[in-house]
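To start, the structure under review is shown below, and the notes come after it.
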Amino acid sequence: MTSVKAWSLLLLPFSLVSMGKECPVPSMNGKFVLSLESILKNSFADDSEALLECAKGYERDKGPTSITCVNGVWSEVKLICKKVDCGQPKPSPHMTYSIRDGTLFGAYIQPVCETGYDLEGSSHRQCLVSGWSGKAECILSECDFPDPIEHGERFGPENPVFNDVITYSCNDKYTLVGNSSITCGEYGEYSSPPPICIVMTTPTEASTTTNKATTTDTTTVSTRSHGEEEILEKIIIITLTKASTTTNKATTTDMTTASNRSHGRIVEKPTNGSSIAGIVGICIVVICIVVIFAGIVVICILGIVVVVVAVVIWKYLKQRGSYDTGEELRAKEDLLLIQSV
């Protein structure tokens with residue numbers, strides 16, 4: 001028994017030499033991480049193993065998932081991890097994707113809708129471990145149903161969408177100004193403002209009535225929105241043109257009536273001619289007044305100038321006359337007489 005113990009003591013140094021050193025906790029780069037089991041270990045003895053996993057966003061391609069401690073040094077990592085590839089996103093109706101950075105983990109893609117469709121959902125999607133983030137879809141663009149117009153009707157679907165057409169018509173005795181139809185656009189706006197209906201003017205109407213209508217239309221213009229300015233300008237031009245046409249036709253009618261009734265000794269003078277003669281007479285009177293006033297002003301100015309010139313000449317002649325009186329000559333003679341004495 002004693003010999004056995006002695007033998008064990010003799011072999012103890014050799015056993016200590018044969019035992020390897022412990023390894024420190026392995027440090028990994030961005031692609032690898034220690035498993036939870038290996039992280040919980042406090043020490044790694046010689047010939048022990050540490051388990052590895054691919055980092056977030058990476059997946060195992062090939063190679064062992066462990067490393068071994070050999071006399072205080074870890075063996076080479078042979079695990080190969082690659083980035084997660086989300087692949088092409090699932091197709092969606094009326095949608096394409098703008099892919100600039102690829103489809104690997106962390107990359108972004110942008111959904112793009114066809115013309116006439118609006119994007120609902122995420123404007124960008126990112127490749128994550130679980131796949132593409134967010135959701136997106138393309139829906140048909142919608143337009144608000146336009147407000148009704150005065151003295152007219154509208155026709156079209158109650159919920160207009162892209163390319164739907166709304167048509168308009170006016171009631172009797174009204175004229176439509178603007179486009180008779182408008183189209184729902186790709187951004188939810190119509191191709192043009194709705195038209196308006198204005199009262200039709202007949203050639204037999206008096207110019208006074210036309211002027212009143214023009215005033216009414218102009219007042220209506222001021223209450224319209226900025227988007228209808230072009231249409232309203234057309235209304236004013238059309239109204240003024242109709243007023244001019246009405247006046248000319250009325251004059252022609254009066255002249256024709258006068259010639260037709262001349263055989264019956266009833267002669268009617270054209271109203272337009274008498275009004276023009278009155279205007280010409282007023283203009284002549286005004287011109288005469290202006291001329292008379294201008295003449296008076298000119299005469300007054302000339303009178304003032306003449307008076308000023310006369311005063312200047314009179315003062316000049318008076319001063320010169322004082323020099324010719326001989327006072328200086330007599331003073332010199334007196335001085336000479338005093339010197340001689």
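Scoring 36-43, 25-32, 132-139 by mean Cβ neighbours within 10 Å over their residues and listing the highest first yields 132-139, 25-32, 36-43. Of the cross-linked pairs Lys56/Lys90; Lys31/Lys135; Lys41/Lys82; Lys56/Lys83; Lys31/Lys90, those separated by over 18 Å at the C-alpha level are Lys56/Lys90; Lys31/Lys135; Lys41/Lys82; Lys31/Lys90. Peptides 78-84, 101-107, 142-148, 283-289 ranked from most to least packed give 78-84, 101-107, 142-148, 283-289, packing being the mean of other C-beta atoms within 10 angstrom over each peptide's residues.
Each value in this text was obtained by applying a stated rule to the coordinates, not by laboratory testing. All values derive from a computational prediction rather than experimental measurement. Here Cβ is always computed from backbone atoms with ideal geometry, including for glycine, and neighbour counts include all displayed protein chains.
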